[in-house]
Amino acid sequence: MPEVAGIVSEDTDEDPATFRITLPLPPLDRRYNTPEEGIEAINQLGFNNGFAVVKRRSKKTKGQVPRLKKVQLQCDRGGQALEHPKEAPEQPEQAPVASGRSKKRKTHSLAIDCPFDISLRLQDDEKWILTITSDKHNHKPSPATTHVAHRKHELAQKREQLQNWFKQNLPTRQILRLLRAEDKRTCLLPKDINNARMRMNDEFLAGQTPIQALLMELPTDGEWRFRYTIHFYYDTVHFYC
Ligand SMILES: [Zn+2]
């Protein structure tokens, strides 16, 4: 296998063009109330078996009130491999957020054109079922930490707990220790904690200055009785507690 600029492939026995493996899926007769419920069931198995699925595209019914009827899913290693990541088209920069920071997505992809292709389809009884076009992957399973979908799911599950720790200003390494003590299988990485902390700060500030946000927060946080005056010219606040 050719070596490129010091990068040595570890997968000398795994050529994605020919390597094929089948990983467990939920039983095909299981019915789901929503596509999201189906995706969660698949990714729960994916968590234990080293893969994750993401939405690829959706189809709606025709007619005056189009309804979702099919959600096609792919492995998170599906899609075209980026041979020259630096030349990949840049994603549009998002609008600056409240705190003035701007968010820019990094172009990063583990895609290796995995052929895995399944769908969730709406049935006449309003339930969703799983159908398989291809259940083959072209790569070995990999740990949950390598799958953004699993980390996002855990972040959503533990959002409130994390927010409490952020409010206590716990450092990221301590939060990771606490997470591991509670759940040995946590797949969150330091960067997930840091990003979640920044997002929460942005949501909290939501268009306010930090001082205004502080004024909003104080009355709910302990037994504060205070008066304050704001000097707009100097942008300062005097507290009288
Ligand atoms: Zn795959």
Inter-label distance, nm, simple model (7 Å from Cα along the C-beta direction), Asp15/Gln174: 5.4
Gain in length, Thr133 to Thr22, computed as 0.36 nm per residue apart minus the alpha-carbon separation, to one decimal in nm? 38.7 nm
Explain nothing, just compute: Karplus ³J(HN,Hα) = 6.51 cos²θ - 1.76 cosθ + 1.60, θ = phi - 60°, for every residue of segment 39-52 in order, whole Hz, x for Gly and Pro. 4, 5, 5, 5, 6, 5, 5, x, 4, 7, 10, x, 8, 8
Please order Val53, Val65 by the number of other Cβ within 10 Å, starting at the fewest. Val65, Val53
Sequence-distant or interchain residues sharing an amide H contact under 5 Å with Leu68, placed H: which? Thr61
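Just to verify a number: FRET efficiency for Gln163 and Asn49, C-beta to C-beta distance, R0 = 25 Å, to 0.05? Before the final figure, lay out each step's value.
Values: r = 31 Å, r/R0 = 1.23.
In this case the efficiency is close to 0.20.
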In range of the label at Asn195: residues from segment 148-174 whose backbone nitrogen is under 13 Å from the point 7 Å along Cα→Cβ: 148-156
Please provide three numbers in whole Å: the alpha-carbon extents of segment 158-207 along the principal axes, with the largest listed first. 38, 18, 16
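Arrange Lys184, Lys59 by Cβ neighbour counts within 10 Å, fewest through most, would you?
By the 10 Å Cβ count, ascending, the order reads Lys184, Lys59.
We did not get these values from a lab; they are worked out from the coordinates using the rules stated. Only a predicted model underlies this, so the values are computations on that prediction, with no experimental measurement involved. Backbone-built Cβ (ideal geometry, glycine too); neighbour counts: all protein chains shown.
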